[in-house]
Amino acid sequence: MGFFGFKKQKSGQIAKDRLQLVLFQDRMNTSPQMLEMLKSDIIKVIASYVDIDEDELDIRIGGDPACGEESPSLVANIPIKGWKRR
């Protein structure tokens with residue numbers, strides 16, 4: 001899980017996630033507050049169209065070298081409960 005997740009992680013994985021975030025912030029020359037604002041805005045936009053399960057929400061920013069991703073990427077797992085009626 002990422003920043004919004006509540007599942008337990010091993011300390012090694014937590015350290016790896018933090019290091020990736022620090023490296024991303026350094027490469028992109030941005031602050032942690034800016035990243036949190038970005039995540040919040042993404043959630044607001046998606047939630048305006050669909051009902052989402054915020055307890056299972058997982059949004060991460062960073063690359064995954066194991067998958068060959070060296071450049072920063074946004075990874076979002078947002079469980080949808082249903083569509084909102086307009």
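Brief remarks on what is shown
- The figure for LEU74 is an accessible area of roughly 90 square angstrom, using a 1.4 Å probe on the protein chains alone.
- Interchain or long-range residues, amide H under 5 Å from VAL50's placed H: LYS84
- With a simple spin-label model that places each label point 7 Å from the Cα along the Cα-to-Cβ direction, the separation between LYS84 and SER11 comes to 4.2 nm.
The values are calculated or read from the model by the stated rules, or taken from the named source; none is laboratory data. What you see is a predicted model, and the numbers here were worked out from it, not measured in a lab. Positions of Cβ are generated from backbone atoms using ideal geometry, with glycine treated the same way; all protein chains shown enter the neighbour counts. Protein only, heavy atoms only, side chains kept; ligands, DNA and RNA dropped before computing areas. Shrake-Rupley method; radii C 1.70, N 1.55, O 1.52, S 1.80 Å.
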